[in-house]
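Reading through the structure tokens given below for one structure.
The values are calculated or read from the model by the stated rules, or taken from the named source; none is laboratory data. The structure presented is a predicted model; accordingly, all values stated were derived computationally and were not measured. Every residue, glycine among them, receives a Cβ derived from its backbone with ideal geometry; neighbour counts consider all protein chains shown. What goes into the accessible areas is simple: the full protein's heavy atoms, side chains included, and nothing from ligands, DNA or RNA. Shrake-Rupley method; radii C 1.70, N 1.55, O 1.52, S 1.80 Å.
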Amino acid sequence: MKKRSVLIAGHPTSVSLEEEFWDALKSVAQSRGLSVNALIEEIDQTRSGNLSSAIRVYVLKAVQTRAE
């Protein structure tokens, strides 16, 4: 588990994710032409629960879509 600090709407927060999820999140952000922080802000705007969980679900769905 790796904790990193991010800015969301100008406010610092920390997110804990497994290294594999950080790597996948970076890959998704890069493929969309976004910074990791910008992608996390986007995920934050649509989440209904915990931010770390929302990021994991987002990454999972992105990976599943690529596999189809």
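Normalised by the number of residues in the chain, what is the relative contact order in percent for Cα pairs under 8 Å and 6+ residues apart? All intermediate terms of the calculation are to be shown ahead of the outcome.
Values: 59 pairs, mean separation 18.6, N = 68.
Relative contact order of the chain: 27 percent.
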Neighbour net charge for residue 59 - beta-carbon separation under 12 angstrom, K R +1, D E -1: +1
Got a sec to turn the phi values of segment 38-55 into Karplus ³J(HN,Hα) couplings, 6.51 cos²θ - 1.76 cosθ + 1.60 with θ = phi - 60°, whole Hz, x for Gly and Pro? 5, 5, 5, 4, 5, 4, 4, 5, 10, 7, 10, x, 4, 5, 4, 5, 4, 5
Counting sequence-distant residues (5 or more places) and residues on other chains, those with an amide H built under 5 Å from that of residue 8 are 13
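Given N residues in the chain, what is its alpha carbon radius of gyration divided by 2.2 N^0.38 Å? Walk me through the numbers on the way to the answer.
Details: Rg = 11.3 Å, N = 68, 2.2 N^0.38 = 10.9 Å.
With N residues counted in the chain, Rg over 2.2 N^0.38 Å equals 1.03.
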Distance between modelled label sites at residue 1 and residue 47, nm, 7 Å Cα→Cβ extension: 1.4
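Report the net charge of residues surrounding residue 6, where surrounding means a beta-carbon distance below 10 angstrom and charges are Lys +1, Arg +1, Asp -1, Glu -1.
Numbers: positive: 4; negative: 41, 44.
Computed value for this residue: -1.
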In what order, largest first, do 65, 46 sit by accessible area if the probe radius is 1.4 Å? 46, 65
